[in-house]
Amino acid sequence: MWDFEEGEILAFDKPLHWTSFDLVAKVRYNLCRKLEKKKLKVGHSGTLDPLATGVVIICTGKKTKMIETLQYDVKEYIATLQLGATTPSYDMEKEVDATYPTEHITRALIDETIPHFVGEQWQVPPMFSAVQINGKRAYDLARKGEQVELKPKLLKIDEIELISFDEEKMQLTIRVVCSKGTYIRALARDIGEKLHSGAYLTALRRTRVGNTRVEECMTIEQFLALLNEETNRSNEVR
């Protein structure tokens with residue numbers, strides 16, 4: 001039996017096109033209905049872009065005090081990059097704004113380039129991100145066409161593994177293990193710059209947060225079904 005007021009830590013596989021806040025709102029709404037309460041503390045331990053899927057950890061009740069600690073867990077991602085072009089958002093949210101030659105790119109060049117991004121480094125966050133600038137989100141300013149300078153942040157990438165490279169499509173898929181605060185979209189940008197070709201993300205999946213793997217996570221539909229079953233059992237006991 002779950003005790004959402006005392007606190008639970010729930011692992012979700014976030015669907016495509018949902019924000020992390022959408023997922024939190026859906027969980028909070030349904031829990032408040034189940035518990036017949038107007039308010040319940042619910043939060044997540046790490047934002048995932050709308051165009052990404054995968055692990056999002058949600059805490060309820062008193063367990064929301066653990067969110068800050070959980071945010072420091074190592075993350076693992078599987079990312080697909082399109083070489084030869086860029087977008088303002090570094091992913092498919094925005095249209096391609098520039099194209100570049102790719103004739104010089106080979107598997108050997110990629111193998112040589114990828115290791116440069118392992119270890120501690122300074123990374124400039126994407127303009128289309130949730131970074132706070134004078135109390136406003138960077139993506140809100142970006143969507144209004146405002147230009148601001150984002151300060152680089154120190155982060156650590158523990159591993160980058162090249163999973164595949166499609167020379168015809170100029171797409172590469174990588175596995176990345178990294179610290180809190182790493183923007184995989186910004187990593188795609190930086191890899192593209194290092195390859196002198198430009199790059200943006202076409203797919204991103206967070207496969208692990210700490211020891212929680214995506215295979216162990218619930219979909220929102222599975223969670224709602226389990227919540228409904230528990231509600232029905234509680235009603236039968238009454």
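The values are calculated or read from the model by the stated rules, or taken from the named source; none is laboratory data. Since the structure is predicted, the reported quantities are computational estimates derived from the model, not experimental observations. Cβ sites come from the backbone with ideal geometry, for glycine too, and all protein chains shown count toward neighbours.
The table that follows gives values for the structure above.
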item: Residues satisfying the stated conditions in the stretch 1-26, i.e. outside any loop (DSSP other than H, G, I, E, B), at pLDDT 95 or above and either closer than 14 Å to Ile57 by Cβ or not charged (D, E, K, R) (or both); result: Ile9, Leu10, Ala11, Phe12, Asp13, Lys14, Leu23, Val24, Ala25
item: Tally of residues being under 18 Å from Leu195 (Cβ atoms) and not polar (S, T, N, Q) across the stretch 112-131; result: 7
item: Residue pairs meeting the criteria (Cβ under 7 Å; at least 6 apart or on separate chains; first free of Cβ contacts under 8 Å to residues at least 12 places away in the same chain and assigned by TED's automatic domain parsing to the domain that holds Leu227, in the stretch 31-45; second among the aliphatic types (A, V, I, L, M) and buried (at least 17 other Cβ atoms within 10 Å of the Cβ)); result: Cys32/Leu40
item: Residues of the stretch 166-184 that turn out to be modelled with pLDDT under 95 and not aromatic (Phe, Trp, Tyr), as a count; result: 4
item: Residues located in the stretch 116-156, provided they are among the polar types (S, T, N, Q), modelled with pLDDT under 75 and buried (at least 16 other Cβ atoms within 10 Å of the Cβ); result: Ser129
item: Number of positions in the stretch 201-219 that are touching a helix residue (DSSP H, G or I) at 6+ places or on another chain (Cβ under 6 Å) and over 20 Å from Pro152 (Cβ atoms); result: 2
item: Which listed residue, of Leu109, Leu81, Leu48, is in contact with a helix residue (DSSP H, G or I) (Cβ under 8 Å, 6 or more places away or on another chain) and within 16 Å of Glu193 (Cβ to Cβ); result: Leu81
item: Given (1) farther than 20 Å from His17 by Cβ; (2) modelled with pLDDT of 95 or more, number of the condition Tyr72 does not satisfy; result: (2)
item: Qualifying residue in the stretch 54-68 (condition: assigned by TED's automatic domain parsing to the domain that holds Leu201, crowded, with 16+ Cβ neighbours inside 10 Å and in contact with a Ser or Thr (Cβ under 6 Å, 6 or more places away or on another chain)); result: no
item: The stretch 159-197 - residue that is of a type in the set (D, E, K, R) and within 21 Å of the chain's Cα centre (by Cα) and, of those, farthest from Arg107 (Cα to Cα); result: Lys180
